[in-house]
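One structure below.
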Amino acid sequence: MSFVDEIKIHLKAGTGGDGVVRWLHLKGKEYSGPAGGNGGRGGDVYIEAVRNSAILEKYRHKTELAAPNAFPGSERSRTGADGEDLVLELPLGSYVKNLETGVEYELLELGQKIKILHGGKGGLGNEMFKGPINQAPTQFTKGRAGEEADFYIELRLIADYGLIGLPNAGKSTLLNTLTNSKSKVGNYNFTTLEPHLGDMYGVVIADIPGLIEGASEGKGLGHKFLRHIQRTKTLLHCIDAGSQTILEDYHTIREELIAFNTDLSLKKEILLITKTDTVDTQKIKEIQGLFGDKEILFVSILDDDSVAQLKKLLSSSVDN
């Protein structure tokens, strides 16, 4: 099952209930005056942030969702029941745009709830038209239609750290080692076809699918996944120690980030040289020389000390 991180859907708030014509019946006086109640209000439409990055899947095959309509008024001036609200549960980090009005919303806090469509007002019953001249009104009004529009919904992951790098740079393996994530691992390009989240004692790490040159223009897995990096606080830039073009690999990813959104280049970055167990100490020294004074962390999942050092660094960086 593929990861769903964007949908388009038509949403509709409920229609208000109709007002009605009714009469008050008292003993000995058949028509004692108007008593038609007003209609209820149609259900509103809300979006609410939940901690479930896969929840958009349940809307994948939905083209339209509507809040219930309200009930009409009734006798003895009773107002009809309101329609229930429709609440769309969306992943924390969702971006929502009303394609009719251009109004945009973002769900950045767990439990955040925003009304995006208003239900229609209820119609008026005949009692509301009674006056000195019109003692027995037969007028009433119908309930108003609720608001409706097409919406574009996009998930933009929120994480403390985002693992970036070329395909097969060891990101998924590292995520699995640091957290309880079960990200797929394999010795071929594009093993990760969807973002994965892992939790390391409250520190959230996202494994972003591998990028290639031209990703910002849609090549490879394309900019579809670049947007998930936008809300990560710090980038963990992974480079395979065994690569013969380490410096070129680094600049390829940096250039793609800038091409997609210049703000990404301003994010804090930690450079991780992965799979150090596959190279000798001479290669390690050469890599250090390539980046000059830039802070580098060398890590191998087979080296418990390097993994422990990385965990300590990530925990302390979040605290600060």
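The values are calculated or read from the model by the stated rules, or taken from the named source; none is laboratory data. Predicted model only: the values in this text are computed from it and were never measured. Note: ideal-geometry Cβ built from the backbone for every residue, glycine included; neighbour counts use all protein chains shown. We work out accessible area using only protein heavy atoms, side chains counted, and drop any ligands, DNA or RNA first. Shrake-Rupley method; radii C 1.70, N 1.55, O 1.52, S 1.80 Å.
Within the accessible area of the chain, what % is carbon and sulfur when the probe is 1.4 Å and the other protein chains stay in place?
Within the chain, the accessible surface is 48 percent carbon and sulfur.
Which listed residue (21, 63, 40) has the Cα farthest towards the positive end of the charge dipole for segment 3-127, taking +1 on Lys and Arg C-beta and -1 on Asp and Glu C-beta about the Cα centre?
The one lying farthest along the dipole's positive direction is 21.
Among the listed pairs 27/130; 62/113; 12/97; 233/285; 113/233, which are separated by more than 19 Å between their Cα atoms?
27/130; 62/113; 233/285; 113/233
Give the aspartates and glutamates whose C-alpha is closer than 13 Å to that of residue 294, dropping any in the same chain fewer than 8 places away, or say none.
Within the straight-line limit of under 13 Å, residue 294 reaches these aspartates and glutamates: 269.
For the chain, give the share of DSSP beta bridges that are antiparallel, in percent and rounded to the nearest 5; count only bridges with both residues there.
The answer is about 50 percent antiparallel.
Please list, or write none, the aspartates and glutamates whose alpha carbon is within less than 15 Å of the alpha carbon of residue 121, excluding same-chain residues fewer than 8 places away.
Once the sequence-local aspartates and glutamates are set aside, what remains near residue 121 is 18, 44, 82, 84, 85, 147, 148.
Which whole-number percentage describes the relative contact order of the chain, with Cα contacts under 8 Å and a sequence gap of 6 or more?
Relative CO of the chain lands at 16 percent.
Show me the helices of the chain, taken as full DSSP H stretches, that run 18 Å or more along their long axis by Cα and average -0.5 or above in Kyte-Doolittle hydropathy.
Long hydrophobic helices here: 246-260, 304-319.
With only Lys, Arg, Asp and Glu charged, each at its Cβ (+1 for the first two, -1 for the last two), find how big the charge dipole of the chain is about the Cα centre; round to the nearest 20 debye.
Using only the charged Cβ atoms, the result is roughly 1540 debye.
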